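Accompanying notes for the structure given below.
The values are calculated or read from the model by the stated rules, or taken from the named source; none is laboratory data. Quantities reported herein were computed from a predicted structural model and do not represent experimental measurements. All Cβ positions, glycine included, derive from the backbone under ideal geometry; neighbour counts span all protein chains shown.
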Amino acid sequence: MQTKTAVLRNFIDGKSSESASSRVREILSPVTGEYMYQAPYSTAEEIDAAVSAARKAQPLWESASVWERARVCYAIADAIDRNKEKLCRALTLEQGKPYEAESLPDIEESAELFRIAAEDLKRMETPIIPSMDANKRIFTFRKANGVYAIIIPWNFPTLMLAEFAAPAIAAGNTMVLKPSEYTPGIISLFTEIMHEADLPPGVFNLVYGDGEVGQQLIEHPGIDAVGFIGSHGTAEKIVRAAGMKPSIIEASGNGPTIVCEDADLDAAAAGIVHGGFFNAGQVCCATARVLVQEKVHDELVERVLSEAQNWRLGDPFDKVTKVGPMNNDAVAAKMESHVQDAVAKGAQVLLGGKRAGQFPTKLYFEPTVIDNVGLDTLIQQHETFGPIVPIITVKDDEEAIRVGNDSYLGLQSAVYTKSSARAFKYMNSLKTGNIVINEHGGYWEPHVPFGGAAGTRTGWGRIGGKYTMLDMTHIRTVVWDFSR
């Protein structure tokens, strides 16, 4: 356990520096409840220094060759791999996710994202366009957007950092990153490890704080573009602050998992439980709502309950643990309120439904299965963000589509069916940016485009491999008259 004097340090212009702020936030481990360290609320002067460092570094960094920027990305990935165990332990202690089942894959994938960015950069091509004039040639190339303000959440802190930082750095951008106030320590460590590679000073800068600090950063005149992952409520504030600055916004999800009458029910049950309980349900594309057709309702519920028994809640450093504590009390309280609301409106809790009492903190929430959830419940209407499988019965495909689309969010949905025709019908009818067929609703791969559907409050742009890099650059068109 750290002493009360341990305070995280800003990282500006290639070196760590003590914050002058008198405002600090104590960080307690959701796993043990023990004090870990304090995180400062970086001052306006420190934000200005970080942005200035990024602005100074950006032209020189973009002028480096593609192969040089790719080399640095590979070196960052290697540094992450060398420090994998240290990073995993820090991630589990501060975030709460199981060490073996989740932290290790998170860190490994964070490294892989830098390798993917290096390769995507080398393959980034732009067209030569025919001209109507025989004396002219028209060609295009991509330019970095400039200096980014990046704000990331606490549920996948290193992954979300890498999802933005890897393509941004590869493409020639520089950045100032503000992590969630709940998980600043793992990002501080990750930043130090990134700089074991010879990342030039000012390319990546780190400040800390809450929404107020984030707004100051977004509104800073030296910021050219914005990347944000988090809740839709915060996203809307970010968008207003960003104004006309280019932005990538990935906000909340409440996507349905639809189980059709012809589905493989064993596969559906396994996927539903995995999607509901992975990362204690603190996933924007978790199994937020299960819409099961009435003909297979009873069989599915039986299989879900059987599968749920395999997901053990406990110490995240224990190898047999599959569900760790929730990260903070706000999200645990939200889970409680959603369950209580559903029960008050007629739903039945079949498993769990409350905080577990035998652990070091009150953040351990029993994996929960709840049936007969009504359409007027908070669970149906909003993102729950906890270890819950809520089951809603629908009559047929038409009702499943109608209920599935009855949400202001539209990130990812899942459908279980053996019919290709049925699958195509759902693919074209569900209002989510991503749709998964016969796999759990939280499935993703780091190089695949991921983001919200138009017309929803889930955001725009895409994270995932080259698609993020495309959004973090802009195309420049050159018309050249060779006759003069």
> Within the group Gly452, Gly357, which residue is in contact with a Gly (Cβ under 6 Å, 6 or more places away or on another chain) and outside the structural domain of Glu163 (by TED's automatic domain parsing)?
Replying inline: Gly452
>> Could you go through the stretch 17-30 and let me know if any residue there is touching a residue at least 40 places away in the same chain (Cβ under 8 Å), surrounded by fewer than 18 Cβ atoms within 10 Å (Cβ to Cβ) and over 17 Å from Pro184 (Cβ atoms).
In response: no
>> Whether any residue in the stretch 153-166 is buried (at least 24 other Cβ atoms within 10 Å of the Cβ), touching a Lys or Arg at 6+ places or on another chain (Cβ under 7 Å) and either part of a helix (DSSP H, G or I) or modelled with pLDDT of 95 or more (or both) is what I want to check.
In response: no
>> Being charged (D, E, K, R) and outside any helix (DSSP H, G or I) is true for just one of Glu212, Glu181. Which residue is that?
In response: Glu181
> Out of the residues in the stretch 445-484 that are among the aliphatic types (A, V, I, L, M) and surrounded by fewer than 16 Cβ atoms within 10 Å (Cβ to Cβ), which is farthest from His232 (Cα to Cα)?
Replying inline: Val479
> For the stretch 93-151, what are the residues that are farther than 30 Å from Ala332 by Cβ and in a helix (DSSP H, G or I)?
Replying inline: Ala111, Glu112, Phe114, Arg115, Ile116, Ala117, Ala118, Glu119, Asp120, Leu121, Lys122
>> Whether any residue in the stretch 405-426 is more than 22 Å from Lys97 (Cβ to Cβ), among the hydrophobic types (A, V, I, L, M, F, W, C), in contact (Cβ under 8 Å) with a residue 24 or more places away in the chain and surrounded by fewer than 23 Cβ atoms within 10 Å (Cβ to Cβ) is what I want to check.
In response: no
> Mind checking which residues of the stretch 45-102 are free of Cβ contacts under 8 Å to residues at least 12 places away in the same chain and in contact with a Cys (Cβ under 8 Å, 6 or more places away or on another chain)?
Replying inline: none
> For the subset of the stretch 345-368 comprising residues that are outside any strand (DSSP E or B) and of a type in the set (Phe, Trp, Tyr), which member is surrounded by the fewest Cβ atoms within 10 Å (Cβ to Cβ)?
Replying inline: Phe359
> Any idea which residue in the stretch 215-237 is surrounded by the fewest Cβ atoms within 10 Å (Cβ to Cβ), counting only those that are touching a helix residue (DSSP H, G or I) at 6+ places or on another chain (Cβ under 6 Å) and part of a helix (DSSP H, G or I)?
Replying inline: Glu219
> Tell me, which strands (runs of 3 or more DSSP E) wholly within the stretch 1-59 include 2 or more residues that are farther than 30 Å from Leu313 by Cβ and either within 27 Å of the chain's Cα centre (by Cα) or assigned by TED's automatic domain parsing to the domain that holds Cys88 (or both)?
Replying inline: 10-12, 15-17
> Quick one: what pairs do we get from the stretch 283-307, first residue of a type in the set (Lys, Arg), second part of a loop (DSSP other than H, G, I, E, B), C-beta under 7 Å, 6+ apart or different chains?
Replying inline: Arg289/Asn254; Lys295/Glu261
> How about the stretch 148-192: which of its residues are more than 19 Å from Pro105 (Cα to Cα) and polar (S, T, N, Q)?
Replying inline: Asn173, Thr174, Ser180, Ser188
>> Going residue by residue through the stretch 388-403, is there one that turns out to be in contact (Cβ under 8 Å) with a residue 24 or more places away in the chain, of a type outside the set (A, V, I, L, M) and in contact with a Gly (Cβ under 6 Å, 6 or more places away or on another chain)?
In response: no
